[in-house]
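Colleague: The structure's right below; bear with me while I get my questions together.
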Amino acid sequence: MAGVVERMARAGHPPLHTLTPQAARAAYEKSAGVLEVPTPTLARIEDFQITARDGHALPARLYAPSDAALPVLVYFHGGGFTVGSVATHDALCRTLGVQSGCAVVSVDYRLAPEHRFPTASDDAWDAVRFVASQAQALGLAPGRLALGGDSAGGTLAAVCAILARDADLPLALQMLFYPGTTAHQDTESHRRFASGPLLDAALVNWFFGQYVRSPADRDDWRFAPLLADDVEGVAPAWIGLAECDPLVDEGVAYADRLRAAGVPVDLEIYRGVIHEFIKMGRAIPEALQAHADAARALRQALRP
């Protein structure tokens, strides 16, 4: 991991927070696949659209390792609500599909600052409801649904798991890679890793500066799921965290909150790795382990 961090520093790319959001997206897209595992081939890859509540067409991509009617993971990419896309997480979603034997639907929710809070969480929930209601039309198994995401996408998955409970929509699993869950970046791990590597305080502040409309949005549980009044009865969780990540403490805190409410939680902390490590499988063995662990959790939850 230290070698990867050193090579990143030698590359000399400008930090994302020094760029415009549009330039940051382009830079992230360009670098997203550099350390990814080789792209697996699947039986089905289909692009389609999901209509959001305001009529906007959200691009989505379906991955399936076979033509059978499979259970499905709805996946939300990371990127601080500002960068990232279906394309940047293509290899990861393919890998999860191949290893779990489940279908994956990856969602291009709208990004900030063009679309600020709560657009991303609204889009995410609209996508979940669409996939749940249209599973048969999509060639998927009705009623066998999980949610997942990394970083900001993990936040969205956690939020949608609470909304699903409130809507009586059964979920088999919420699969969260280093989710953001706190209102303010004031944990010990945020202080310890304020200078990075990769994700530092300046970038976190820049991301959230793009996303929130005012400081009050940070106190909304759809921004910070730890603030939800009640998490009893939400879907079982698999949570994968990076030890050397500003977000690790809030990930542990959310796991503790779920467990205290009686929710089954499988928590894995991958030692010596940083934020975004799951997209570094070409260089970091822990990424391959995390893929395998998450896929196994999906398989056990969706294909018992």
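Colleague: Please state which of the following conditions Ala112 fails to meet, knowing it meets all the rest: (1) surrounded by 22 or more Cβ atoms within 10 Å (Cβ to Cβ); (2) within 26 Å of Leu173 (Cβ to Cβ).
Modeller: The one condition Ala112 does not meet is (2).
Colleague: Considering only residues of the range 1-17 that are in a loop (DSSP other than H, G, I, E, B) and free of Cβ contacts under 8 Å to residues at least 40 places away in the same chain, which is nearest to Ala202 (Cα to Cα)?
Modeller: Checking each candidate, the answer is Pro14.
Colleague: Being surrounded by fewer than 18 Cβ atoms within 10 Å (Cβ to Cβ), farther than 28 Å from Pro38 by Cα, among the hydroxyl-bearing types (Ser, Thr, Tyr) and at pLDDT 95 or above is the requirement here; does Ser121 meet it?
Modeller: no
Colleague: Additional query: Could you list, in sequence order, all residues of the range 33-69 that are crowded, with 18+ Cβ neighbours inside 10 Å, among the charged types (D, E, K, R) and closer than 17 Å to Ala137 by Cα?
Modeller: Arg61
Colleague: Looking at (1) at pLDDT 95 or above; (2) outside any strand (DSSP E or B); (3) out of contact with any Leu (no Cβ under 7 Å at 6 or more places or on another chain), which one does Thr39 not meet, given that it meets all the others?
Modeller: That leaves (1) as the condition not met.
Colleague: Kindly provide the set of residues from the range 94-124 that are hydroxyl-bearing (Ser, Thr, Tyr), within 14 Å of His56 (Cβ to Cβ) and not in a loop (DSSP other than H, G, I, E, B), ordered by number.
Modeller: In the first step, residues of the range 94-124 are kept if they are hydroxyl-bearing (Ser, Thr, Tyr); the result is 95, 100, 106, 109, 119, 121.
Adding the requirement that they be within 14 Å of His56 (Cβ to Cβ) leaves 109, 119.
Hit for the range 94-124 is Thr119, nothing else.
Colleague: For the range 72-105, give me the residue count where each residue is over 30 Å from Leu203 (Cα atoms), touching a residue at least 60 places away in the same chain (Cβ under 8 Å) and buried (at least 24 other Cβ atoms within 10 Å of the Cβ).
Modeller: Within the range 72-105, residues that are over 30 Å from Leu203 (Cα atoms), touching a residue at least 60 places away in the same chain (Cβ under 8 Å) and buried (at least 24 other Cβ atoms within 10 Å of the Cβ) number 3.
Colleague: Here's another thing I want to ask about it. Identify all residues within the range 159-192 that are among the small types (Gly, Ala, Ser), buried (at least 24 other Cβ atoms within 10 Å of the Cβ) and more than 19 Å from Val83 (Cα to Cα); write none if there are none.
Modeller: Selection gives Ala161 alone.
Colleague: Return the total of residues in the range 183-205 being more than 12 Å from His275 (Cβ to Cβ) and in contact with a Pro (Cβ under 9 Å, 6 or more places away or on another chain).
Modeller: 7
Colleague: If we scan the range 147-158, do we find a residue that is surrounded by fewer than 24 Cβ atoms within 10 Å (Cβ to Cβ) and in contact (Cβ under 8 Å) with a residue 60 or more places away in the chain?
Modeller: If we filter the range 147-158 for residues that are surrounded by fewer than 24 Cβ atoms within 10 Å (Cβ to Cβ), which is where we start, we get none.
So far as the range 147-158 goes, no, none of its residues is surrounded by fewer than 24 Cβ atoms within 10 Å (Cβ to Cβ) and in contact (Cβ under 8 Å) with a residue 60 or more places away in the chain.
Colleague: Just name the residue that is surrounded by the fewest Cβ atoms within 10 Å (Cβ to Cβ) out of those in the range 210-224 that are in a helix (DSSP H, G or I) and touching a residue at least 60 places away in the same chain (Cβ under 8 Å). Full working, then the answer.
Modeller: Taking the range 210-224 and keeping what is in a helix (DSSP H, G or I), we get 210-211, 215-219.
Within this subset, residues satisfying the condition of being touching a residue at least 60 places away in the same chain (Cβ under 8 Å) are 210-211, 217.
Numbers: Gln210: 21, Tyr211: 23, Asp217: 17.
The extreme case among them is Asp217.
Colleague: Collect the residues in the range 18-32 that are free of Cβ contacts under 8 Å to residues at least 60 places away in the same chain and surrounded by 14 or more Cβ atoms within 10 Å (Cβ to Cβ), keeping them in residue-number order.
Modeller: Matches in the range 18-32: Leu19, Ala24, Ala27, Glu29, Ser31.
Colleague: Identify, please: which residue in the range 3-43 is of a type in the set (D, E, K, R) and under 22 Å from the mean Cα position of the chain (by Cα) and is, among those, farthest from Gly101 (Cα to Cα)? If you could, list the steps in order and put the result at the bottom.
Modeller: From the range 3-43, those of a type in the set (D, E, K, R) are 6-7, 10, 25, 29-30, 36; that's our starting set.
If we keep only those that are under 22 Å from the mean Cα position of the chain (by Cα) too, we end up with 25, 29-30, 36.
Working: Arg25: 31, Glu29: 27, Lys30: 29, Glu36: 20 Å.
Taking the candidates together, the pick is Arg25.
Colleague: I'd like to verify a number: residues in the range 225-270 that are more than 15 Å from Gly148 (Cβ to Cβ), surrounded by fewer than 24 Cβ atoms within 10 Å (Cβ to Cβ) and touching a Gly at 6+ places or on another chain (Cβ under 7 Å), how many?
Modeller: 3
Colleague: Shifting gears a bit: Looking at (1) on the phi < 0 side of the Ramachandran plot; (2) touching a residue at least 24 places away in the same chain (Cβ under 8 Å), which is the only condition Arg259 fails?
Modeller: Arg259 satisfies all of (1) on the phi < 0 side of the Ramachandran plot; (2) touching a residue at least 24 places away in the same chain (Cβ under 8 Å) except (2).
Colleague: Of everything in the range 57-67, what is in contact (Cβ under 8 Å) with a residue 24 or more places away in the chain and either touching a helix residue (DSSP H, G or I) at 6+ places or on another chain (Cβ under 8 Å) or hydrophobic (A, V, I, L, M, F, W, C) (or both)? Give them in sequence order.
Modeller: Leu58, Ala60, Arg61, Leu62, Tyr63, Ala64, Pro65
Colleague: Let me ask you something else. Scan the range 133-146 for residues that are surrounded by 20 or more Cβ atoms within 10 Å (Cβ to Cβ) and closer than 17 Å to Ala161 by Cβ and jot them down.
Modeller: Within the range 133-146, Arg144, Leu145, Ala146 meet the criteria.
The values are calculated or read from the model by the stated rules, or taken from the named source; none is laboratory data. Note that the coordinates shown come from a computational prediction; the quantities given were computed from them, not determined experimentally. Neighbour counts are summed over all protein chains in view; Cβ atoms, including those assigned to glycine, are modelled from backbone coordinates with ideal geometry.
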